[in-house]
Amino acid sequence: MIMFEGKVKKEIGKCIAELCGRIDSANAAEAEKTLTDEIGDFSGELVLDAAKLDYISSAGLRVVLRLKKAISDTKIINASPDVYEIFDMTGFTEMMDISKAYRQISIDGCEVIGEGANGKVYRIDPDTIVKVYKNHDALEEIHNERELARKAFVMGVPTAIPYDVVQVGDLYGSVFELLNAKSFSKLINQDPSQVDELAKQSVEILKTIHSTALKPGELPDKKAEALEWAEFCRDYLPEDVGEKLVELIKAVPDTLNMIHGDYHIKNIMRQNGENLLIDMDTLAMGHPVFELSAIYLAYQGFPIIDHSVTSRFLGISYEQATEFWRATLKYYFGTEDENVLREQENKAKIICFARLLRRTVRKSKDDEDYKAKLIEKCKSELCALVPVTDTLTF
C-alpha cells in the first residue's frame, strides 16, 4: 500500500492540511482516511496546502470534493502550475478558492529604484523590476493594484501592468517588464538640464489622468480621506483655523476625476521613448487639488525641515525638486504669472500640511526634536494660509 504522509496543523479558527506526493486511485482512500482522522470534527476554515503535491487524479479530486462538502470553507493554496491546471480543467477553480504557488526570487544586491508607503521597487535585471510589498499579507493588495492598473490602462492612462506575483523571502512582490526603463529621477541625475522638459512631460500624463472620468464609487474618495486629516488637525490648531480648514475641504466639489495619489519622479518611467506610470495602488477619485497637494508633499513638504530628505526619497537635490515643482505648476495651469501660481500653490499647501501634520503626530520617530519642529512648521503654515484662503478649488 502507498502511504499518504500529509500533516495536519490546527490553529485558532483554521486547520491546515498538507497534500503531498501523488494522490491517485492507489492511495486516495488512505489519504482521505488520514486527513479526515486528523481533521476530526473541526468546523472552521480548512486550508489544503498543495506545495508538495506533484499530481492528483480523479480519485484524489473526489477526496477534495468530499472535504469541501464536509467543510464549506475549504480552499487550496500553493498549487504548482501543473496541479493548478488539473484543478482548472476539471472546474474546481470555479467551485472553490484555489491559488497557485509563487516562485521565489532574490533581491540581494539589486538596485532600489523607488520606495513608497506600501512597498519598495527593485530592478532585478535589465528587463525586469519588482515591487516588494512591506505588508506580509499583501496578496489582496497586490491583486487590487493589478486590477487598478488594468483599469487605468484601458482608460488610456500609460501604465505598466504587473504580469507575475512572486515571493521575496516572506514577502510578496509584483513583477513588471520594463526593458531598460529609467525613472524620471535617474534621467534628471544624468542630465539636470532636463528638469523643465520632464516636468512638462509629467504634466501631460497628469492631465490624461485627471481628464479620465469615473463612475461614482468606482475608486476610493480622496475628499473623504482629506476630511479625516482636517478633522484630526482640529486638536492641534486654534479653533477658528481648525473649523475653517474642515469647511474648506468640505466645500471642494465631489468630482469624478481619476487621481494617481502618489505622483512623483520615481513613479514615472521612460521605456523606449514612452513614459509609463508604476505604483497604481493609490489610485483614487476626486478634485485635482488633492493630487497637487500630494505632489507638493513629495517635492516640498517632506523635506521642509531637512532638505536632505529629498535626495533620500526622490534621488535628486532639493533645488532640483523645487525647480520640478515650479515647472509642474507652470505647465499644469498654463501660465508663468507668479501671483496665479502662488495662489494655486497655497491651496495645495493647505491640504499637504494637514496631511503631514496628522502623519507626523501619529508616526513614531526616534528624533523627537525633528518631529516637534515638523509639527510646529505644519501648524504655522496652516495658521498663516487657512485664514486668508476662501476656496481650495481652481
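Within the chain, what percent of beta bridges assigned by DSSP are antiparallel, to the nearest 5?
About 65 percent, rounded to the nearest 5.
When the scattering of the chain is computed by the Debye formula from its Cα atoms alone, each counted once and equally, what is log10 I(q)/I(0) at q = 0.10, 0.13 Å⁻¹?
-0.78, -1.07
Name the longest site-free stretch of the chain, where the excluded sites are GluC sites (Glu not before Pro) in a DSSP loop with no more than 16 other beta-carbon atoms within 10 Å.
6-217
Return the percentage of antiparallel bridges among DSSP beta bridges fully within the stretch 198-285, rounded to the nearest 5 %.
90 percent
Which residue, Pro253, Pro162, Pro81, tops the fluctuation ranking in a GNM of the chain built on C-alpha contacts under 10 Å?
The residue that fluctuates most here is Pro81.
Can you give the local net charge around Leu329? Use residues other than it whose beta-carbon is closer than 15 angstrom to its beta-carbon, Lys and Arg +1, Asp and Glu -1.
Spelling it out: positives minus negatives among the neighbours equals -2.
How much FRET efficiency would the formula 1/(1 + (r/R0)^6) give for Gln167 and Asp390, where r is the Cβ-Cβ distance and R0 is 45 Å, rounded to 0.05?
Between Gln167 and Asp390 the formula returns 0.30.
Run down the lysines and flag those whose C-alpha is under 21 Å from the C-alpha of Lys373, throwing out any fewer than 8 positions away in its chain.
Lys349, Lys363, Lys365
Averaging sequence separations of C-alpha pairs under 8 Å and six or more residues apart, then dividing by the length of the stretch 228-353, give the relative contact order as a whole percent. The partial results should precede the final answer.
Working: 124 pairs, mean separation 26.2, N = 126.
Rounded, it is 21 percent for the stretch 228-353.
Just to be sure I follow: if Rg is taken over the C-alpha atoms of the stretch 152-294 and Rh is the Kirkwood radius over the same atoms, what is Rg/Rh?
1.04
What does the charge add up to near Asp49, with Lys and Arg as +1, Asp and Glu as -1, over the other residues with Cβ less than 12 Å from its Cβ?
So the surrounding residues net to +4.
For the stretch 82-161, run through the trypsin sites (Lys or Arg not before Pro) and keep only the ones in DSSP coil with at most 11 other Cβ atoms within 10 Å of their Cβ.
Answer in residue order: Arg103.
Would you mind telling me which residue in Leu356, Leu61, Leu248 has the biggest mean-square fluctuation in a Gaussian network model of the chain, where springs connect alpha carbons within a distance under 10 angstrom?
Leu61
Select from Ile23, Ile268, Ile188 the residue whose mean-square fluctuation is largest in a Gaussian network model of the chain (Cα-Cα springs shorter than 10 Å).
Largest GNM mean-square fluctuation: Ile23.
How large is the Kirkwood hydrodynamic radius of the stretch 135-210, in angstrom, based on all distinct alpha carbon pairs?
Working: mean 1/r = 0.0684 Å⁻¹.
Result for the stretch 135-210 stands at 14.6 Å.
Which value, in debye to the nearest 20, describes the size of the charge dipole of the stretch 24-164 about its Cα centre when Lys and Arg Cβ atoms bear +1, Asp and Glu Cβ atoms bear -1, and nothing else is charged?
340 debye
To the nearest 20 Debye, how big is the dipole of the stretch 4-89 about its Cα centre, given +1 on the beta carbon of each Lys and Arg and -1 on that of each Asp and Glu?
200 debye
Using only Cα atoms and rounding to the nearest 10 degrees, what angle (0 to 90) does helix 239-250 make with the longest principal axis of the chain?
60 degrees
For helix 28-39, what angle does its Cα long axis make with the longest principal axis of the chain, in degrees from 0 to 90 and rounded to 10?
Once rounded, the angle reads 60 degrees.
At a 1.4 Å probe radius, which order do Tyr332, Tyr263 fall into by accessible area, largest first?
Result of the area sort, largest leading: Tyr332, Tyr263.
Note the angle between two axes, namely the Cα long axis of helix 195-210 and the longest principal axis of the Cα atoms of the chain, as a number of degrees from 0 to 90, rounded to the nearest 10.
With both axes taken from Cα atoms, the answer is about 60 degrees.
Let me check I've understood the local charge: for Leu385, count other residues with C-beta under 12 angstrom from its C-beta, Lys and Arg +1, Asp and Glu -1. What total comes out?
Working: positive: Lys244, Arg342, Lys347, Lys349, Lys379; negative: Glu343, Glu345, Glu381, Asp390.
Combined, the nearby Lys, Arg, Asp and Glu give +1.
Among the lysines, select those whose C-alpha is under 23 Å from the C-alpha of Lys68, and discard any that sit fewer than 8 residues away in the same chain.
Qualifying lysines at Cα under 23 Å: Lys7, Lys9, Lys10, Lys14, Lys33, Lys52, Lys100.
Could you work out how much longer the chain between Ser211 and Ser58 gets when fully extended? Use 0.36 nm per residue separation minus the Cα distance between them, nm to one decimal. Don't skip to the end; give the middle numbers.
On the way: separation 153, 0.36 × 153 = 55.08 nm, distance 5.26 nm.
Answer, rounded to one decimal: 49.8 nm.
Add -39500 (n - 2.57) for each DSSP H run of 4 or more in the chain, then divide by its residues: what number comes out at 222 nm, to the nearest 500 deg cm²/dmol?
Value at 222 nm, helices only: -14000 deg cm²/dmol.
If the only charges are +1 at each Lys and Arg Cβ and -1 at each Asp and Glu Cβ, what is the size of the charge dipole of the chain around the Cα centre, to the nearest 20 debye?
120 debye
If one computes the Cα centroid of the stretch 17-42 and of the stretch 54-105, what distance in Å separates the two points?
A separation of 14 Å, based on Cα centres.
Rank Tyr133, Ser106, Asn144 by how far each Cα sits towards the positive end of the charge dipole of the stretch 100-170 (+1 on Lys, Arg Cβ; -1 on Asp, Glu Cβ) and give me just the farthest.
Asn144
When the scattering of the stretch 219-339 is computed by the Debye formula from its Cα atoms alone, each counted once and equally, what is log10 I(q)/I(0) at q = 0.17 Å⁻¹?
Debye curve over Cα of the stretch 219-339, log10 I(q)/I(0) at q = 0.17 Å⁻¹: -1.07.
Which value, in Å² and to the nearest 10, is the accessible area of Ile39 when all protein chains are kept and the probe is 1.4 Å?
Rounded to the nearest 10, the figure is 10 Å².
The values are calculated or read from the model by the stated rules, or taken from the named source; none is laboratory data. For clarity, every value in this text was computed on a predicted model and none was experimentally measured. Don't worry about glycine lacking a Cβ; one is built from the backbone with ideal geometry, like all the others, and counts go over all protein chains shown. What goes into the accessible areas is simple: the full protein's heavy atoms, side chains included, and nothing from ligands, DNA or RNA. Shrake-Rupley method; radii C 1.70, N 1.55, O 1.52, S 1.80 Å.
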